[in-house]
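Just below is one structure, and these are the notes that go with it.
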Amino acid sequence: MFNRKDQKSSGSSAPISSSSPTSKGSDVRNIIGVGTTIKGDIETEGSIRIDGVLKGNIQAKGKLVMGAESSVEGDIIAENADIEGKVTGNLQIKQRLELKSTAKVTGDIRTKRLVIDEGAIFEGACYMGEGSKGSGNQKRNESPRGKTAPKAN
């Protein structure tokens, strides 16, 4: 079915895929499991799920999914992201970022589309829209955090 040839089970529960993990554009799945801590940067051509701890930056050309017990201390660049865990660092998500109810993000966000579930915590600045380049009113490294709004007359 679906252009797959019938294959006998070899006892492996791994799904059968017609694309190799190294083929360009394939959705490579990477998982950092609960109880795992990685120190260093990660780059992937595909998607990644983090349920453990990453102390470093991550760059994913696919989707980043972070479980409720996950933690990332570093900057994140991805196409799309669903965050349930804790992030301490800046996020640059090219398309859609969803902060689930258990998410806690401390850092600035740049994204085209943002969804924040009730209960999620976000502390930082947010730049949205096409290109997500911000308003242009701040200097390059200046954040709008800590500034007060002008008083109304």
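The values are calculated or read from the model by the stated rules, or taken from the named source; none is laboratory data. On a predicted model such as this, the values are computed, not experimentally measured, just so you know. Note that we place each Cβ from the backbone using ideal geometry, even for glycine, and neighbour counts take in every protein chain shown.
Points to keep in mind about this one:
- For region 94-118, residues that are outside any loop (DSSP other than H, G, I, E, B) and either modelled with pLDDT under 95 or not polar (S, T, N, Q) (or both) total 14.
- Any hit, region 62-71, residues being more than 23 Å from Ile109 (Cβ to Cβ) and of a type outside the set (A, V, I, L, M): no
- Scope region 37-46; condition in contact with a Leu (Cβ under 7 Å, 6 or more places away or on another chain) and crowded, with 16+ Cβ neighbours inside 10 Å; matching residues: Ile42
- Of all residue pairs spaced 6 or more apart or on separate chains, those with beta-carbon atoms under 8 Å, a first member in region 100-124 that is over 13 Å from Ala81 (Cα atoms) and basic (Lys, Arg) and a second member that is at pLDDT 95 or above and part of a loop (DSSP other than H, G, I, E, B) are Lys104/Gly85; Lys104/Ala120.
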